[in-house]
Amino acid sequence: QVQLVESGGGLVQAGGSLRLSCAASVNIFETYSMGWFRQAPGKEREFVAGITTDLTNYAHSVKDRFTISRGNTKNTVYLQMSSLKPEDSAVYYCAVVRRKVPPMTRDEYDYWGQGTQVTVSS
């Protein structure tokens, strides 16, 4: 069983930045890929970014604005979000799966955090 805890959400104005953190209960990079997803009210949960030991991938809608990275510890991943738009408002979740490449579909992930709310005002 893997526990994931997200933090760093909040309210920010359009054009601003936030950094989300996801802390895992295990060394995720030895065995897992991690993904960030988001879900806005009335919408499907969608892939945002993913990371493994040696690669990252991004949704087209956030590429060049968001950066996923590893922390100094082996169980932390960050999502740096810049140039935020109101349409980025959502609950953001981190998730892990035993894969070499982070999948872009939610059903492929095994463990999920509780989520952190991000609200971008116009």
Hey, can you rank 57-69, 83-95 by average C-beta count inside 10 Å, highest first? 83-95, 57-69
Explain nothing, just the number: relative contact order of the chain, from Cα pairs under 8 Å at least 6 residues apart, as a whole percent. 37
For the chain, what is the number of Lys pairs with C-alpha distance below 22 angstrom, counting only pairs 8 or more positions apart or on separate chains? 5
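Since every read-out is calculated from the coordinates, none of them should be taken as a lab result. Keep in mind the model is a prediction, meaning the values are calculated, not measured. All Cβ positions, even for glycine, are placed from backbone atoms using ideal geometry, and neighbour counts span all protein chains on display.
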